[in-house]
Amino acid sequence: MPALAALLAVSLSSACISDVDIPECLLKGTCQGGAGGDDAGPPDGAGGKSGSQAAGGVGAEPTFAGEAGQGGQAEPNSCRCAVLPEHLTPACAGKPYQTTLTVSAGRPPYSWKLAPQLDGWTIAVSPDDPEVAILRAAKAPDEATELTLVVTDARNAQRTLTLTLDVRSTCWFAYPSLEPEGPELRLVDPLAETPTPAPLAHAQGVYDFQFSPDGAFLAYRYGVDGEHPKGRHLSLIDLASLKEHAVSFGEDEVVSYAWAPNSATLAAGFQADGNGYLGAVLPPVPGSDDSPTSLTSTPTSVESELYWVGSEYVVFHAASGLGQQRMAYFSEFTSGGFELPRDVLSRFDPGLAVRVTETGFFLITPLQTFYYDLSDGTEVEMDHPDIALMAPSARYTGRLAASGLPQLLPAETGVNGAVASPTDDAQTCTQLLAWATDQERVACVADVSNGDGSSHGEIRIFDLKLDPLRLEAVTLQGFCPSDLDDTSPKSCLVKREGYSFGSQQAAGSARAFSRSGRYFAFARVLPEFVYVYFSDLDEAPARVATPVLFEVDDTNPSPLGFAFSPDERFLLVRRGPRLSVIELATGARGTLALNLLDAAPCSEDFLADPGNYCGNARQAAGPKWAPDSLAAAFRTTDGLTIRDLSPFPANDDRVLPATACAARCSENFSFQP
């Protein structure tokens, strides 16, 4: 062994850097595999993750085990000497870019170059560490670029590697943190090597903020004190130049504010001299030196959030003066500001929720739901009784008829108009599960009799069709008639194929469509394992993929939460304090966090708690995706973590200091649209 060590010591400097496969574990003893990690395999012995993946070791080549026949104990990883990292952090288009690369096992000094050299790019050895190089660009490109790097050591041994630099079109991330002086708003590029907060004029005393829908501006409310717990004033930031504008209504306190969907107007409800008002401000042209334009304010009491109906009306509610009941109001926006608000015809008990469309709005109460159509400038009330679910578009509501057939009610007509139902009377449901965002597609579960007193569950997907108005159904293939016999050798759960899922298993369990409606995810929770199912509904026939298994114990409880990436490549799965990711095309998985903040269970009662309904694709307590799907953000007990998923399955995190401040701001973090 001493002779082998001496031989390795002599030859390593040129051999490793020249791409000869020499296991790094022989050199440093740091690449040993370990026992299966967090996402363990199924009870039949299929393996979990390797220990190196669970630990997120730099330089490891993690594999995602779990296929039949693999053991729970991973073999030592075979590591090779390399320049690290093996991917580049995505750049912000048009902004300066810098990242560091490290080389090991060669003989210093090193020299670096780009081949070919690209205008505006430099790479050079760091003055602080001879094994580190600094790669810089004065201005990052506007599209993905390949960079070929060549590093040469003192023996003229070379290592050449080509890396792809992905580019982000939106680069800001905002979040408040509770500091000793109070809540503080931070605006950072979360994937920068050292995320540095942008200078804000009023960062102290900030609990909330809102990006404009087009991503050009950030509005935030500041000035929290004992008498103004929500803040007193508004500030507007031009994200192209970071120029900040004070927004003035002559206010004592801003009660609420909201951007119009077209980003052309920022509405605000405020108090001044003991009176309430509804005002509006027009932001300047992005990147210009102009100031915002404040329009004439309208006297009215605003005691809720503001909800835009298209970009023409604002809806809000306030106490009616009759006990605890509340009334809803709407005001039309014109070039001069908001018109005098008009109230709707009814008064409601507390617990009122609002959902808007392009032409009207829903008032959701614990007992009943009404739609108010404003398309012709007048109020028309439509009744939507007994709804079980509402479309994310708010154009339809859904319910189950006494026969079990699902029915979709158009917002503008309710029960007074045509109702969409299946053309086949056998396509009944026991429970509606979820609704897609970008198309009117609904999932439900049906408990189907096996003819022997038992039943099995079937997932049915309904698409809304027009001319004539109807629902067309597809049953998700792979259901198991042996649902009630989970220990049978023929059971879906034992064979790990198909799905075993009925209304009993659906109750209280999160499920979700991807935004386009292409994918549908749901889960079966057992005492020791969670079976996560997903299906590509573009396939014919549509059926579930091989389920992915996760362990359940006291630290990994139900409920589950799902979040698809915008590009529909990934699915995030939350189990108690743990967050995992699944790549849908391959079934590969990894662990993102083990210490998420607590989240309340989801609700099956849509009317009583529409914001926390189990079938919502994006729950308030869940992680959030960057619009380009290159990163996900989630809050842990240590702060806010940003995971760069462009090199999946490798780990690349930025942990932002962000002290939690309960529900007031712990869930309030967002990527620039």
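Things to note:
- Charges were assigned to the Cβ only: +1 to each Lys and Arg, -1 to each Asp and Glu. The resulting dipole of region 216-262 about its Cα centre is roughly 180 debye.
- Backbone N within region 632-673 under 12 Å of label point (7 Å from residue 179 Cα along the Cβ vector): 657-659
- Projecting label points 7 angstrom from Cα along Cα→Cβ for residue 272 and residue 595 puts them 4.8 nm apart.
- Multiplying the residue separation of residue 150 and residue 503 by 0.36 nm and removing their Cα-Cα distance gives an extension gain of 121.2 nm.
- Integer Hz, Karplus 6.51/-1.76/1.60 couplings in order for region 308-316, x for Gly and Pro: 7, 9, x, 10, 10, 10, 10, 10, 7
- Modelled FRET efficiency - R0 22 Å, residue 413 with residue 342, Cβ distances, 0.05 increments: 0.50
- The loop-placed trypsin sites (Lys or Arg not before Pro) in region 89-171, going by DSSP, that have at most 13 neighbouring Cβ atoms within 10 Å of their Cβ come out as 155.
- From the alpha carbon centroid of region 159-223 to that of region 395-428 is 44 Å.
- Taking amide hydrogens as placed 1.01 Å from N in the peptide plane, the amide H of residue 560 sits under 5 Å from those of 510, each at least 5 positions away in sequence or on another chain.
- Using the Karplus relation 6.51 cos²θ - 1.76 cosθ + 1.60 with θ = phi - 60°, the per-residue 3J(HN,Hα) values for region 413-420 come to 10, x, 6, 8, x, 5, 10, 7 Hz, with x marking Gly and Pro.
- A Stokes-Einstein calculation at 37 °C with viscosity 0.692 mPa s, built on the Kirkwood radius of region 91-168 over Cα pairs, returns a diffusion coefficient of 252 µm²/s.
- For region 200-298: Kirkwood Rh in Å [reciprocal of mean 1/r, alpha carbons]: 13.5
- At full extension, residue 84 and residue 305 could sit 74.7 nm farther apart than now, given 0.36 nm per residue minus the alpha carbon distance.
- Set of aspartates and glutamates with alpha-carbon distance to residue 465 below 18 Å, sequence-local pairs under 8 removed: 412, 424, 425, 438, 440, 538
- Here's the list of aspartates and glutamates a cross-link from residue 243 could span, going by alpha-carbon distance under 12 Å and ignoring same-chain residues fewer than 8 apart: 289, 290.
- Calculated FRET value between residue 637 and residue 204, using beta carbons and R₀ = 30 Å, to 0.05: 0.80
- Here the simple spin-label model places points 7 Å from the Cα toward Cβ, and for residue 169 and residue 659 these points are separated by 3.9 nm.
- Label-reachable residues, region 521-555, where backbone N falls under 16 Å from a point 7 Å from residue 472's Cα toward its Cβ: 537-542
- The simple Förster model, with R0 at 56 Å and r as the Cβ-Cβ distance, assigns residue 383 and residue 248 a FRET efficiency of 0.85.
- Gained length - residue 143 relative to residue 463, 0.36 nm times residue gap less alpha-carbon distance: 111.5 nm
- Pairs exceeding a 32 Å alpha-carbon distance, out of 139/624; 95/624; 495/624; 113/624: 495/624; 113/624.
- Integer Hz, Karplus 6.51/-1.76/1.60 couplings in order for region 206-222, x for Gly and Pro: 10, 9, 9, 7, 8, 6, 5, x, 8, x, 7, 9, 10, 9, 9, 9, 10
- Taken along the Cα-to-beta-carbon direction at a fixed 7 Å, the label points for residue 426 and residue 402 span 2.4 nm.
Rule-based calculations on the coordinates, nothing more; no lab input. These figures come from a predicted structure and were not determined experimentally. Counting neighbours? That spans all protein chains shown, and the Cβs are built from the backbone with ideal geometry, glycine included.
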